[in-house]
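One structure is given below, encoded as structure tokens.
The values are calculated or read from the model by the stated rules, or taken from the named source; none is laboratory data. Since we're looking at a predicted model, the values are computed, not measured. When we count neighbours, we look across all protein chains shown, and the Cβ atoms used for this are built from the backbone with ideal geometry, even at glycine. Heavy atoms of the whole protein, side chains included, go into the accessibility calculation; ligands, DNA and RNA do not. Shrake-Rupley method; radii C 1.70, N 1.55, O 1.52, S 1.80 Å.
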Amino acid sequence: MPSKNTIDGIMQFAGRLEGIEQTTLREGLEIARLHHQVEQVIENDLAGWGLTARQIEIMELLFHSEDGTSTPAALSEEVSLTRSAMTSALDSLEKLGHTVRTPHPGDRRMVAVSLTPSGRSFISRHLPERYRRICSVVNVLSQRERTAMLNSYQKVLDALVRELQKKQKAPPERRTGVNA
């Protein structure tokens, strides 16, 4: 995410554009920058566990799943990773001895992912600390602030999804030039 200096440069450029509300743009960039910084602090903290935030989420999902297994596709959907990124994350977790992939019991074409006994032990030791930290951090906000923040994030997410859908429905831009 851009630094404050870069945001100032963006603002100078955007000041020459039609239809750009300067205050809204600056606040949007600042929100994105702060969001990125929060994610980075979390990632740095979890690095002390030897894992990424997504790897922790994968192990957490497996830990809490009814039968202790899932498919890579279901995990990808749940933690918002591409399938190739999920394969890489599962490779890393297997190398660490935390997960194992086996043939899916209900469909030979699929793979089932589960925690190893040491992976289950590892995550069960760390989840209480994770949940305490989440509560500790979120408790700096009042109930009203938490509700407002949740509603605000939902509105932003809904707007982003709408923009993406509009973009996907729009006809392709007309190209000009040699490679048209």
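Residues of region 55-74 with the amide nitrogen closer than 13 Å to a label point 7 Å from the Cα of residue 102, along Cα-to-Cβ, please.
67-70
Which of the aspartates and glutamates could a cross-linker bridge to residue 166, judged by Cα under 16 Å and excluding same-chain residues fewer than eight apart?
158
Need the list of lysines near residue 95 for cross-linking: C-alpha distance under 28 angstrom, and skip anything on the same chain fewer than eight residues off.
Straight-distance partners of residue 95: none at all.
Please sort 107-113, 3-9 by packing, taking for each peptide the average over its residues of neighbouring beta carbons within 10 angstrom, highest first. Intermediate results must be reported in sequence, preceding the final value.
Values: 107-113: 13.6, 3-9: 11.1.
Going from most to least packed, we get 107-113, 3-9.
Please state the relative contact order of region 29-180 as a whole percent: Cα pairs under 8 Å, 6+ residues apart?
Details: 94 pairs, mean separation 26.0, N = 152.
Computed over region 29-180, the figure is 17 percent.
Taking amide H atoms as placed 1.01 Å from N in the peptide plane, list the residues 5 or more away in sequence, or in a different chain, whose amide H sits under 5 Å from that of residue 112.
102, 104
With θ taken as phi - 60° and the coefficients 6.51, -1.76 and 1.60, list the Karplus ³J(HN,Hα) couplings across region 123-128 in order, rounded to whole Hz; mark glycine and proline as x.
Values, residue by residue: 6, 5, 6, 8, 4, x Hz.
How high is the relative contact order of region 18-114, in percent, with contacts defined as C-alpha pairs under 8 Å that are six or more residues apart? Could the numbers behind the result be given before it?
Working: 64 pairs, mean separation 20.8, N = 97.
Result for region 18-114 is 21 percent.
Determine the per residue accessible area of region 124-169 with all protein chains present and a 1.4 angstrom probe, expressed in square angstrom.
Per residue, region 124-169 has 91 Å² of solvent-accessible surface.
Reachable aspartates and glutamates from residue 155, Cα under 16 Å, same-chain residues fewer than 8 places away excluded?
27, 145, 163
Could you work out the helix-only [θ] at 222 nm for the chain, with each DSSP H run of four or more residues adding -39,500 (n - 2.57) and the total divided by the number of residues, to the nearest 500 deg cm²/dmol? Kindly include the intermediate steps, with their values, before the conclusion.
Numbers: 7 runs with 119 residues, N = 180.
My calculation for the chain gives -22000 deg cm²/dmol from helical runs alone.
Measure off, as a whole percent, the carbon and sulfur share of the 1.4 Å-probe accessible area of the chain, all protein chains present. Mind showing how you got there, number by number?
Details: 7510 of 13310 Å².
Result for the chain: 56 percent of the exposed heavy-atom area is carbon or sulfur.
Working out 0.36 nm times the residue gap between residue 22 and residue 5, then minus their Cα-Cα distance, what length gain in nm do you get to one decimal?
Details: separation 17, 0.36 × 17 = 6.12 nm, distance 1.56 nm.
Contour length minus Cα-Cα distance gives 4.6 nm.
Specify the inter-centroid distance of region 6-78 and region 93-150, based on alpha-carbon positions, in whole Å.
17
Once both axes come from the Cα atoms, what is the angle between helix 53-64 and the longest principal axis of the chain, in degrees from 0 to 90, rounded to 10?
With rounding to tens, the tilt is 50 degrees.
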